[in-house]
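The values are calculated or read from the model by the stated rules, or taken from the named source; none is laboratory data. Bear in mind that the values here come from a model prediction, so they are computed numbers and not experimental data. Cβ placement follows ideal geometry from the backbone for every residue including glycine, while neighbour counts extend to all protein chains displayed.
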Amino acid sequence: MKSVLGIDLVDIPIEELIKEISVTDKTDLLSLTQGHTCSDRVGKDSLYGAALIYQALNSIVSRYGLSGFTLRCFDLLDTVHNTGCLALAGLNSRGIVAGCEGDIPAMLSMAVSQALFDCPGFQSNPSRIDIQTHSLLLVHCTIPFNMLRNWSYDTHFESGIGVAVKGEVREGDVTIFKLSGKLDRAYVSEGVLETNLNEPSLCRTQLLLKLDESPEYFLTQPIGNHHIVIEGHKKEILKAFLERIGINCK
(Lines give C-alpha, C1' and ligand atoms only; values in the text may rest on other atoms or scores of the structure.)
Protein backbone atom coordinates (compact mmCIF):
# COMPACT_ATOMS: atom_id res chain seq x y z
CA MET A 1 0.00 0.00 0.00
CA LYS A 2 2.80 2.40 0.89
CA SER A 3 4.66 1.56 -2.32
CA VAL A 4 1.57 1.98 -4.52
CA LEU A 5 -0.34 4.88 -2.98
CA GLY A 6 2.15 6.30 -0.48
CA ILE A 7 -0.30 5.72 2.37
CA ASP A 8 0.53 4.49 5.88
CA LEU A 9 -2.24 2.89 7.94
CA VAL A 10 -2.47 3.38 11.71
CA ASP A 11 -4.75 1.22 13.86
CA ILE A 12 -6.52 3.35 16.48
CA PRO A 13 -8.73 1.39 18.91
CA ILE A 14 -12.40 2.38 18.89
CA GLU A 15 -12.11 2.70 22.68
CA GLU A 16 -9.97 5.80 22.18
CA LEU A 17 -12.77 7.47 20.26
CA ILE A 18 -15.37 6.45 22.83
CA LYS A 19 -13.22 7.91 25.60
CA GLU A 20 -12.71 11.11 23.59
CA ILE A 21 -16.47 11.44 23.14
CA SER A 22 -16.99 11.05 26.90
CA VAL A 23 -14.61 13.91 27.75
CA THR A 24 -15.72 16.25 24.96
CA ASP A 25 -18.05 18.86 26.42
CA LYS A 26 -18.01 21.64 23.87
CA THR A 27 -19.13 21.52 20.28
CA ASP A 28 -20.42 23.98 17.73
CA LEU A 29 -23.79 22.35 17.12
CA LEU A 30 -25.24 25.45 15.47
CA SER A 31 -22.69 25.51 12.63
CA LEU A 32 -23.52 21.89 11.74
CA THR A 33 -27.30 22.18 11.82
CA GLN A 34 -28.28 25.80 11.16
CA GLY A 35 -30.65 26.22 8.24
CA HIS A 36 -31.42 22.52 7.84
CA THR A 37 -34.57 20.71 8.86
CA CYS A 38 -34.81 17.60 11.02
CA SER A 39 -37.23 14.73 11.05
CA ASP A 40 -39.47 14.57 14.11
CA ARG A 41 -37.60 11.36 14.93
CA VAL A 42 -34.38 13.30 15.60
CA GLY A 43 -34.26 14.95 19.01
CA LYS A 44 -31.96 17.71 20.20
CA ASP A 45 -30.03 15.24 22.37
CA SER A 46 -29.29 13.11 19.30
CA LEU A 47 -28.06 16.16 17.38
CA TYR A 48 -25.87 17.24 20.27
CA GLY A 49 -24.45 13.71 20.64
CA ALA A 50 -23.71 13.50 16.91
CA ALA A 51 -21.92 16.85 17.10
CA LEU A 52 -19.82 15.55 20.02
CA ILE A 53 -18.75 12.61 17.83
CA TYR A 54 -17.70 15.11 15.17
CA GLN A 55 -15.62 17.05 17.67
CA ALA A 56 -14.06 13.89 19.12
CA LEU A 57 -13.10 12.58 15.67
CA ASN A 58 -11.66 15.97 14.81
CA SER A 59 -9.49 15.80 17.94
CA ILE A 60 -8.18 12.34 17.02
CA VAL A 61 -7.44 13.46 13.45
CA SER A 62 -5.37 16.32 14.85
CA ARG A 63 -3.65 14.15 17.46
CA TYR A 64 -2.40 11.62 14.91
CA GLY A 65 -1.98 13.98 11.97
CA LEU A 66 -4.39 11.97 9.84
CA SER A 67 -5.38 12.86 6.31
CA GLY A 68 -8.20 10.34 6.50
CA PHE A 69 -9.67 7.36 8.33
CA THR A 70 -12.44 4.78 8.24
CA LEU A 71 -14.68 4.39 11.26
CA ARG A 72 -16.22 1.18 12.61
CA CYS A 73 -19.36 3.24 13.03
CA PHE A 74 -21.73 0.44 14.05
CA ASP A 75 -19.65 0.07 17.23
CA LEU A 76 -21.05 3.44 18.32
CA LEU A 77 -24.65 2.23 18.34
CA ASP A 78 -24.38 0.27 21.58
CA THR A 79 -21.65 2.34 23.24
CA VAL A 80 -22.81 5.94 22.78
CA HIS A 81 -26.25 5.26 21.27
CA ASN A 82 -25.60 7.49 18.30
CA THR A 83 -24.09 7.41 14.82
CA GLY A 84 -21.12 8.94 13.02
CA CYS A 85 -23.05 9.95 9.89
CA LEU A 86 -23.14 13.68 10.61
CA ALA A 87 -19.50 13.72 11.73
CA LEU A 88 -18.30 11.94 8.59
CA ALA A 89 -20.27 14.30 6.36
CA GLY A 90 -18.68 17.29 8.05
CA LEU A 91 -15.13 15.96 7.96
CA ASN A 92 -15.37 14.83 4.33
CA SER A 93 -16.59 18.27 3.30
CA ARG A 94 -13.42 19.72 4.87
CA GLY A 95 -11.21 17.42 2.79
CA ILE A 96 -10.52 14.91 5.58
CA VAL A 97 -11.33 11.52 4.07
CA ALA A 98 -13.84 9.90 6.43
CA GLY A 99 -15.09 6.46 5.47
CA CYS A 100 -17.53 4.31 7.38
CA GLU A 101 -18.04 0.69 8.42
CA GLY A 102 -14.27 0.16 8.67
CA ASP A 103 -14.04 -0.34 4.89
CA ILE A 104 -10.37 0.24 4.06
CA PRO A 105 -10.62 -0.24 0.25
CA ALA A 106 -13.49 2.27 0.15
CA MET A 107 -11.43 4.71 2.22
CA LEU A 108 -8.47 4.32 -0.15
CA SER A 109 -10.78 4.93 -3.11
CA MET A 110 -12.02 8.09 -1.43
CA ALA A 111 -8.43 9.16 -0.74
CA VAL A 112 -7.62 8.87 -4.45
CA SER A 113 -10.71 10.91 -5.31
CA GLN A 114 -9.77 13.56 -2.76
CA ALA A 115 -6.21 13.78 -4.10
CA LEU A 116 -7.26 14.03 -7.74
CA PHE A 117 -10.52 15.98 -7.54
CA ASP A 118 -10.55 17.70 -4.14
CA CYS A 119 -13.62 15.75 -3.01
CA PRO A 120 -13.68 12.25 -1.49
CA GLY A 121 -16.99 11.31 -3.10
CA PHE A 122 -20.04 9.47 -1.79
CA GLN A 123 -19.43 6.04 -0.21
CA SER A 124 -22.59 4.15 -1.10
CA ASN A 125 -24.29 0.76 -1.24
CA PRO A 126 -26.02 -0.62 -4.35
CA SER A 127 -29.66 -1.07 -3.42
CA ARG A 128 -31.47 -1.66 -6.71
CA ILE A 129 -30.09 -2.81 -10.07
CA ASP A 130 -31.88 -3.05 -13.42
CA ILE A 131 -29.85 -4.72 -16.17
CA GLN A 132 -32.35 -3.80 -18.88
CA THR A 133 -32.42 -0.06 -18.23
CA HIS A 134 -28.85 0.30 -16.85
CA SER A 135 -30.43 1.74 -13.71
CA LEU A 136 -28.53 1.67 -10.41
CA LEU A 137 -29.75 2.98 -7.06
CA LEU A 138 -26.95 3.87 -4.63
CA VAL A 139 -27.73 4.76 -1.04
CA HIS A 140 -26.14 5.55 2.32
CA CYS A 141 -26.77 7.60 5.47
CA THR A 142 -23.82 9.97 5.11
CA ILE A 143 -22.43 12.05 2.27
CA PRO A 144 -20.06 15.05 2.13
CA PHE A 145 -22.00 18.27 2.66
CA ASN A 146 -20.12 19.95 -0.19
CA MET A 147 -21.64 17.50 -2.69
CA LEU A 148 -25.15 18.58 -1.75
CA ARG A 149 -27.49 21.31 -2.93
CA ASN A 150 -29.74 20.69 0.06
CA TRP A 151 -30.00 18.35 3.01
CA SER A 152 -31.92 17.54 6.15
CA TYR A 153 -31.43 15.19 9.09
CA ASP A 154 -33.17 11.92 9.87
CA THR A 155 -32.41 8.86 11.94
CA HIS A 156 -29.88 6.26 10.82
CA PHE A 157 -31.86 3.80 8.71
CA GLU A 158 -30.61 0.43 10.00
CA SER A 159 -30.73 1.30 13.69
CA GLY A 160 -33.46 3.93 13.84
CA ILE A 161 -31.35 6.09 16.14
CA GLY A 162 -28.74 8.84 15.85
CA VAL A 163 -28.50 11.38 13.06
CA ALA A 164 -28.21 10.57 9.35
CA VAL A 165 -27.79 12.93 6.42
CA LYS A 166 -30.63 12.96 3.91
CA GLY A 167 -29.03 14.77 1.00
CA GLU A 168 -29.83 15.88 -2.53
CA VAL A 169 -27.04 15.89 -5.11
CA ARG A 170 -27.23 17.96 -8.28
CA GLU A 171 -28.42 15.90 -11.25
CA GLY A 172 -25.83 15.37 -13.95
CA ASP A 173 -22.78 13.36 -14.95
CA VAL A 174 -21.17 11.10 -12.35
CA THR A 175 -18.36 8.56 -12.09
CA ILE A 176 -18.46 5.35 -10.00
CA PHE A 177 -15.12 4.14 -8.63
CA LYS A 178 -13.72 1.41 -6.38
CA LEU A 179 -10.26 0.02 -5.63
CA SER A 180 -9.76 -3.59 -4.59
CA GLY A 181 -8.27 -4.42 -1.22
CA LYS A 182 -5.12 -5.84 -2.82
CA LEU A 183 -4.80 -2.80 -5.11
CA ASP A 184 -4.61 -5.15 -8.08
CA ARG A 185 -7.76 -3.99 -9.87
CA ALA A 186 -10.29 -1.20 -9.93
CA TYR A 187 -13.75 -0.49 -11.26
CA VAL A 188 -14.47 2.80 -13.02
CA SER A 189 -17.65 3.64 -14.88
CA GLU A 190 -19.66 6.71 -15.79
CA GLY A 191 -23.31 7.56 -15.89
CA VAL A 192 -25.89 10.20 -15.11
CA LEU A 193 -27.55 10.99 -11.81
CA GLU A 194 -31.17 11.18 -12.91
CA THR A 195 -32.89 11.97 -9.62
CA ASN A 196 -32.72 11.84 -5.83
CA LEU A 197 -35.27 9.48 -4.30
CA ASN A 198 -37.04 9.70 -0.96
CA GLU A 199 -38.05 6.16 -0.05
CA PRO A 200 -38.60 5.42 3.67
CA SER A 201 -37.30 1.84 3.46
CA LEU A 202 -33.73 2.74 2.42
CA CYS A 203 -30.70 4.60 3.72
CA ARG A 204 -31.44 8.30 3.76
CA THR A 205 -29.43 9.63 0.79
CA GLN A 206 -30.64 7.89 -2.39
CA LEU A 207 -29.14 8.50 -5.84
CA LEU A 208 -30.77 6.93 -8.89
CA LEU A 209 -28.21 6.60 -11.69
CA LYS A 210 -28.34 5.50 -15.30
CA LEU A 211 -24.99 3.96 -16.24
CA ASP A 212 -23.37 4.22 -19.65
CA GLU A 213 -22.75 0.47 -19.54
CA SER A 214 -24.58 -2.52 -18.10
CA PRO A 215 -24.54 -2.70 -14.28
CA GLU A 216 -24.13 -6.49 -14.47
CA TYR A 217 -20.73 -6.10 -12.78
CA PHE A 218 -22.51 -5.31 -9.51
CA LEU A 219 -24.26 -8.69 -9.66
CA THR A 220 -21.40 -10.87 -10.89
CA GLN A 221 -17.98 -9.52 -9.88
CA PRO A 222 -18.24 -6.44 -7.66
CA ILE A 223 -15.21 -5.21 -5.72
CA GLY A 224 -16.98 -5.42 -2.39
CA ASN A 225 -20.23 -3.68 -1.61
CA HIS A 226 -19.36 -0.01 -1.17
CA HIS A 227 -18.64 2.08 -4.26
CA ILE A 228 -17.71 5.74 -4.53
CA VAL A 229 -19.76 8.25 -6.51
CA ILE A 230 -17.82 11.26 -7.83
CA GLU A 231 -19.47 14.16 -9.61
CA GLY A 232 -18.54 14.76 -13.26
CA HIS A 233 -16.74 12.89 -16.05
CA LYS A 234 -13.69 11.52 -14.21
CA LYS A 235 -13.19 8.12 -15.84
CA GLU A 236 -10.31 9.00 -18.15
CA ILE A 237 -8.37 10.82 -15.43
CA LEU A 238 -8.85 7.94 -13.01
CA LYS A 239 -7.84 5.35 -15.60
CA ALA A 240 -4.70 7.27 -16.51
CA PHE A 241 -3.73 7.58 -12.84
CA LEU A 242 -4.43 3.91 -12.07
CA GLU A 243 -2.51 2.67 -15.10
CA ARG A 244 0.44 4.84 -14.12
CA ILE A 245 0.66 3.18 -10.68
CA GLY A 246 0.09 -0.31 -12.08
CA ILE A 247 -3.53 -1.01 -11.14
CA ASN A 248 -5.67 -2.84 -13.70
CA CYS A 249 -8.81 -0.91 -14.49
CA LYS A 250 -12.06 -2.41 -15.78
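Brief remarks on what is shown
- Within segment 64-75, if we keep just the residues that are touching a helix residue (DSSP H, G or I) at 6+ places or on another chain (Cβ under 9 Å) and surrounded by fewer than 19 Cβ atoms within 10 Å (Cβ to Cβ), the residue that is farthest from Ile104 (Cα to Cα) turns out to be Asp75.
- Test: residue in segment 147-165 that is modelled with pLDDT of 95 or more and part of a helix (DSSP H, G or I): yes
- Residues in segment 76-95 that are surrounded by fewer than 19 Cβ atoms within 10 Å (Cβ to Cβ) and within 15 Å of Pro144 (Cα to Cα): Ser93, Arg94, Gly95.
- Residues within segment 130-146 that are over 14 Å from the mean Cα position of the chain (by Cα), farther than 14 Å from Leu193 by Cβ and in a loop (DSSP other than H, G, I, E, B), tallied: 3
- Residue in segment 130-151 that is in contact (Cβ under 8 Å) with a residue 24 or more places away in the chain, over 20 Å from Gly90 (Cβ atoms) and among the small types (Gly, Ala, Ser) present: yes
- Selection over segment 217-244 of residues that are over 15 Å from Ala111 (Cα atoms) and assigned to a loop (DSSP other than H, G, I, E, B) gives a count of 7.
- So Ala111, is it at pLDDT 95 or above, assigned to a helix (DSSP H, G or I), more than 17 Å from Asn225 (Cβ to Cβ) and not aromatic (Phe, Trp, Tyr): yes
- Matching residues, segment 40-85, being polar (S, T, N, Q), under 25 Å from Cys119 (Cβ atoms) and not in a loop (DSSP other than H, G, I, E, B): Gln55, Asn58, Ser59, Ser62, Thr70
- Tally of residues being at pLDDT 75 or above and either in contact with a strand residue (DSSP E or B) (Cβ under 7 Å, 6 or more places away or on another chain) or part of a loop (DSSP other than H, G, I, E, B) (or both) across segment 5-39: 14
- For segment 166-216, the set of residues classified as small (Gly, Ala, Ser) and part of a strand (DSSP E or B) consists of Gly167, Gly172, Ala186, Ser189, Gly191, listed by residue number.
- The sole residue among Asp103, Asp118 that is closer than 22 Å to Phe241 by Cβ, under 11 Å from the mean Cα position of the chain (by Cα) and surrounded by fewer than 24 Cβ atoms within 10 Å (Cβ to Cβ) is Asp103.
- Any hit, segment 55-70, residues being of a type in the set (Gly, Ala, Ser), closer than 17 Å to Val165 by Cα and modelled with pLDDT of 95 or more: no
- When Asp75, Asp118 are checked against the criterion of being free of Cβ contacts under 8 Å to residues at least 40 places away in the same chain and acidic (Asp, Glu), a single residue qualifies: Asp118.
- Test: residue in segment 95-103 that is touching a residue at least 60 places away in the same chain (Cβ under 8 Å), of a type outside the set (Ser, Thr, Tyr) and more than 20 Å from Glu231 (Cα to Cα): yes
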